[in-house]
Amino acid sequence: MNLLSGTVIQSAARLSVKLVVVAAATVGGGALVSSSVFASLTAVATASTAVTTGTLKLTQTATGASGGFATAITAMAPGDSINRYVTLLNGGTLDAITPTLRVADSGTTTLTTDGTNGLQVTVAACSVAWTQATGVCSGTTTAVLASTSANTLLSNTALNLPSNTAAASTALKITIALPAGTEVTTNGTLPVGTVQGLTPTLTWTFTETQRTATATNS
């Protein structure tokens, strides 16, 4: 081997060593860069809030000897009026708004289809219990519903309750009247559209909705 060949071989050897060192440095540098990507800082803050939701509950119960709506009305004649007494209770924890009353007829009868000759309903509230023997309120009387035909009450009709707050109870007197009128029965045949001989079952539905939703800053 001559001098030139030896020099070339040595140069090639030194170049290979340099390439290895550079490759190693590159790999190591890449490792350092990669490891720095996964480094991070974390901070956490926690707190707890107790949440209680309100309830909206409405019940009606019969009061006194009238038996409320559960007591049937029999042999009603034009000009008669019958009082029924119930207690309406907002038993939830939320105040209520927009109380309504609706009456449903089990059939299709003049009592609810005829707004003039059919049943008329009046509702009043007393600040104390009603004296049912006389129908008199010894406290403060509130007109909850002026005389309204049962035909109108087939749809929800607004009530003017004295209070809609949570836990408020209202003593109601519901007066059901059949207007005085004249009918002629000929040879035992009842006239068309008669108020006689009818036997519907009426369902009374009181409804209320929750108070207006609020936004509170605290």
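Below are the figures for this structure:
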{"read-out": "Using a Förster distance of 22 Å, the FRET efficiency for N156-T131 (Cβ separation, nearest 0.05)", "value": "0.10"}
{"read-out": "Amide H contacts of L159 (H built 1.01 Å from N, under 5 Å, at least 5 apart or other chain)", "value": "T100, L101"}
{"read-out": "Cα-centre dipole for segment 72-196 with unit charges at Cβ (Lys and Arg positive, Asp and Glu negative), debye to 20", "value": "220 debye"}
{"read-out": "Computed lengthening from V192 to T141, 0.36 nm per intervening residue step minus Cα-Cα distance", "value": "14.4 nm"}
{"read-out": "Principal axis box of segment 123-218, alpha-carbon based, largest edge first, Å", "value": "78, 33, 19"}
{"read-out": "Calculated FRET value between T74 and Q210, using beta carbons and R₀ = 35 Å, to 0.05", "value": "0.35"}
{"read-out": "Peptides ranked, highest mean first, by Cβ atoms within 10 Å: ranges 139-145, 172-178, 129-135", "value": "172-178, 139-145, 129-135"}
{"read-out": "Two-site label geometry, T61 and A43: point separation in nm, points 7 Å out along Cα→Cβ", "value": "5.8 nm"}
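Every read-out reported here was derived from the displayed coordinates using simple, explicitly stated rules and does not represent laboratory data. Predicted model only: the values in this text are computed from it and were never measured. Please note: Cβ atoms are built from the backbone with ideal geometry, for glycine as well, and neighbour counts cover all protein chains shown.
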